[in-house]
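Below is one structure, written out as C-alpha cells; comments come after it.
What follows is calculated from the coordinates using simple rules that are stated; it is not laboratory data. Computed from a predicted model, the values in this text were never measured in an experiment. Cβ atoms come from the backbone with ideal geometry, glycine included; neighbour counts cover every protein chain shown.
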Ligand SMILES: [Zn+2]
C-alpha cells in the first residue's frame, strides 16, 4: 500500500524529492512510512519526521506486467532505518535480485512511488 503524501508533505515536493522521509514515534521509537497521526504500535501521538539514510534490503517482490513494455518489479523493502516501504525496482529487473539484496532509494515516480536501485556489492576487504 502506498501512502499519498498530499500537500502536507509526507515526502518532499517534486524538485527536491531526492530522499525518503519517515516518522519516528517519540515514545516507542517505531519507524513508520507515510503520514500518520497515531503510532500503530503504542498509540503515541508524538511522531517526528526524520530523513531516511536511503538504504535497505528487499524483503519481497512481484513482477507487474505492463502492456507494451517490459514488466515492472514491485518490491517491498525493509529500510535500515527500521520501516517498511513498497516501491519499484529501477534498472534491469531480469532476473529479479534475491530477497535480502541491498538497495538504495533513487527517486519518486508517479507522484509518490519510491524507486530503488540495487547497490553494487561491497568490495572485498584485504
Ligand atoms: Zn509508538
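Along the Cα→Cβ direction, 7 angstrom out, place labels at residue 53 and residue 122. What is the inter-label distance in nm?
Taking the two extended label points, one gets 1.0 nm.
Which order results if 55, 101 are arranged by neighbouring Cβ count within 10 Å, fewest first?
55, 101
Which whole-number percentage describes the relative contact order of the range 19-118, with Cα contacts under 8 Å and a sequence gap of 6 or more?
23
Could you pull the Rg and Dmax for the range 19-118, using just the Cα atoms, both in Å?
Rg then Dmax for the range 19-118, in Å: 14.7, 48.
Kindly put 106, 45 in sequence by how many other C-beta atoms sit within 10 Å of each C-beta, fewest to most.
45, 106
Just rank 20, 89, fewest to most, by other beta-carbon atoms within 10 angstrom.
Ranked by crowding around the Cβ, least crowded first: 89, 20.
In what sequence, highest mean first, do 36-42, 115-121 appear when ranked by Cβ atoms within 10 angstrom?
Ranking, from highest mean packing down: 115-121, 36-42.
Once you place label points 7 Å from the Cα toward the Cβ at residue 109 and residue 37, how far apart are they in nm?
3.4
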